[in-house]
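Accompanying notes for the structure given below.
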Amino acid sequence: MALIFTPKIIRYANLYFFIQNLSEWHFSNRKSHNETWRNELHFSAEAESCLDEFKKIHQQYSFGDKYLGRPFFLYKDPWPTVELLVGKNDSAKIKNIFATLESYFNTIYVKDEVMLKKWGTIIAKPEFVTSAYYINNTLANFYGCAPYNENCIIYLLLSTEKRNGGTAGTISDNAVTLELSRTSIKLEEHMFNVLWHELIHLYFRNCLFYPLLEKCTGSNRNAMGKIDELVASSLLPNGLLKHNTLSSVEESGTPGYFNARINSEKKIINVQKLIYPYLQQKKTLDINLVQKLYKIELGGK
């Protein structure tokens, strides 16, 4: 199978993303998005009440098999699946919440959809795939797996000028999300790097890295997730591979630029120093490296 990127712009997915983010039901919600949207839209008391109610409902259907967001991405009419998932009572509540907040969403979406379509055209270009040869093969060699050769669906979502990003694996095993509706098309290289950061989480980590992490951490999922994010961020979007070649540790990134969710610049730099020789010598990660990464996460040098 050949590598294919298939961008999708789905109104219901964006409406869901808008509402769930504003409800702040999960720590991963983008606070900067909400600041911008709230400044632009000025929600009524009824709208705020709906967001509070949605937060309480959504926390019962978090990520995993019962993830509430999935139907809004996968189905043209999500409501029958939502009702099966949450029951008639909560489904009716969610419908009412969406109806109340949709007018606010429309104010944003009518403008942002224009840029989403521009990004869809860029991502669908053959060059967006062919330019990935180096990164794809470098990641495959480092993570000890075959290059990524799937039809990857990329759901394009709302963003703000201050913040873009993505997620991996929340919708399906062959899909990622990218938030870029207010990201300049001049930042194509950066968003390309964000995509491959998410593909690390979606695919590359699974073959060898996660089994070794399980062994070293005693299957501590919290520690595994943090180490996975440290390594991915040390590589992309602003790390050692950000120029589609191997950069030195000194030139790979700037302070505060690696990952907004990681509060230790020093940790990422120390991770880069560990993995740079592996990339330079085209070596695959091993138990020795993973043990050292775990030590860094625990607070060692």
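A few remarks follow.
- Segment 1-76 and segment 264-301: distance between their alpha carbon centers, rounded to Å: 34 Å
- For segment 122-164, the spread of Cα positions along each principal axis, largest first, Å: 36, 22, 16
- Debye, to nearest 20: dipole size of the chain, +1 on Lys, Arg Cβ, -1 on Asp, Glu Cβ: 520 debye
- Once divided by 2.2 N^0.38 Å, the Cα radius of gyration of segment 88-159 becomes 1.71.
- The mean sequence separation of alpha-carbon pairs under 8 Å and at least six residues apart, normalised by the residue count of segment 36-108, gives a relative contact order of 40 percent.
- Measure of compaction for segment 151-254 (Cα Rg per 2.2 N^0.38 Å): 1.13
- Globularity index of the chain, i.e. its alpha-carbon radius of gyration over 2.2 N^0.38 Å: 1.03
- Size descriptor, Kirkwood hydrodynamic radius, that averages inverse alpha-carbon separations across segment 31-172, Å: 18.1 Å
- Candidate aspartates and glutamates for bridging to K76, where Cα separation is under 19 Å - those fewer than 8 sequence places away on the same chain excluded: E102, E113
- Within the same chain, lysines fewer than 8 places from K282 are excluded, and of the rest, those with a Cα less than 20 Å from its Cα are K242, K273, K292.
- Two-site label geometry, S32 and S184: point separation in nm, points 7 Å out along Cα→Cβ: 1.4 nm
- Y148, Y276, ranked by accessible area, largest first (probe 1.4 Å): Y276, Y148
- Overall, the anisotropy analysis places segment 91-231 in the oblate class: the square-rooted eigenvalues a ≥ b ≥ c of its C-alpha gyration tensor yield a/c not less than 1.5, with a/b not exceeding b/c.
- When the solvent-accessible area of segment 65-122 is split by element, carbon and sulfur atoms take up 54 percent of it, the probe being 1.4 Å.
The values are calculated or read from the model by the stated rules, or taken from the named source; none is laboratory data. Predicted model, so just to flag it, every value in this text is computed and none were measured. Note that we place each Cβ from the backbone using ideal geometry, even for glycine, and neighbour counts take in every protein chain shown. Calculation scope for accessible area: heavy atoms of the full protein, side chains included, ligands and nucleic acids excluded. Shrake-Rupley method; radii C 1.70, N 1.55, O 1.52, S 1.80 Å.
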